1. For chain B, take every pair of Cα atoms, bin their distances at 5 Å starting from 0, and report each bin as a whole percent.
2. In percent, how large is the relative contact order of chain B, given Cα pairs closer than 8 Å and 6 or more residues apart?
3. Run the numbers on the stretch A:1-112 and let me know its relative contact order in percent, using alpha-carbon pairs under 8 Å that are six or more apart.
4. Please compute, for peptide A:66-77, the average count of beta-carbon atoms on other protein chains lying within 10 Å of each residue's beta-carbon.
5. Please give, to one decimal in nm, the separation of the simple spin-label points placed at residue B:15 and residue A:26, each 7 Å out from Cα toward the Cβ.
6. Can you tell me the mean projection area, over all orientations, of the convex hull of chain A's alpha carbons? Units nm², please.
7. Simple spin-label model, 7 Å along Cα-to-Cβ: residue A:60 to residue B:74 in nm?
8. Stretched out fully, how many nm does the piece from residue A:2 to residue A:122 gain, at 0.36 nm a residue minus the Cα gap?
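Just so you know, all these numbers are worked out from the coordinates, no wet-lab data involved. This is a predicted model, so every value here is computed, not measured. Note that each Cβ is placed from the backbone with ideal geometry, even for glycine, and that neighbours are counted across all protein chains shown.
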């Protein structure tokens, strides 16, 4: 059975930046039939790229190339999820059972949880490089093809 | 396994049984006015279509420093 994946910002960014987990993320998304993400991922990705540029971690050419690639990939590959009332409720529930889960982590985990309910019986995994989000995803039975760093 | 031949009227009355037999590998030819017109055969699952790999963009190099997820983490904590 094909696996759909929720892609959070920490993993999404690695598709455009050369970093230690970039190849792992690329392999995980090639294994996924469909890719889903909250619209929030696009905003967080663009804000993070802008911060990296201001920190001189990305020169102007690299920054513009990454922004362009983000927009193209988003349009072509991502099925966009919105922050519905169900997502908010799931996030609030997850934050209650997972101490230390912050608001934005909880919203991403909540979106993945609702996606899993909507696509059942098709399995859903969460592709992320954020340990808190991965632990929250695992706690509600979602697959995590990239394990938390704490487990590595 | 042998192929059984059965008239359509009889097949209609026994359809559930014929399907169960097909699931075990039996084939049945259905006739109309004595002419064989259809075969009820075991289902053969089709392999899933192979999806071509996604085209990934060339990755941009960062100058040395904290990983992008650490920068994202700072932004999420609004530091």
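1. Calculated over all Cα pairs of chain B, the distribution is 3, 11, 13, 10, 7, 5, 4, 4, 4, 4, 4, 5, 8, 8, 6, 2, 0 percent.
2. Result for chain B is 23 percent.
3. Dividing the mean separation by the residue count of the stretch A:1-112 yields 26 percent.
4. Across the residues of A:66-77, the mean count of other-chain Cβ atoms within 10 Å is 2.
5. Taking the simple label geometry, residue B:15 and residue A:26 are separated by 5.3 nm.
6. 8.9
7. 2.3
8. Working it through step by step, the gained length comes to 42.5 nm.
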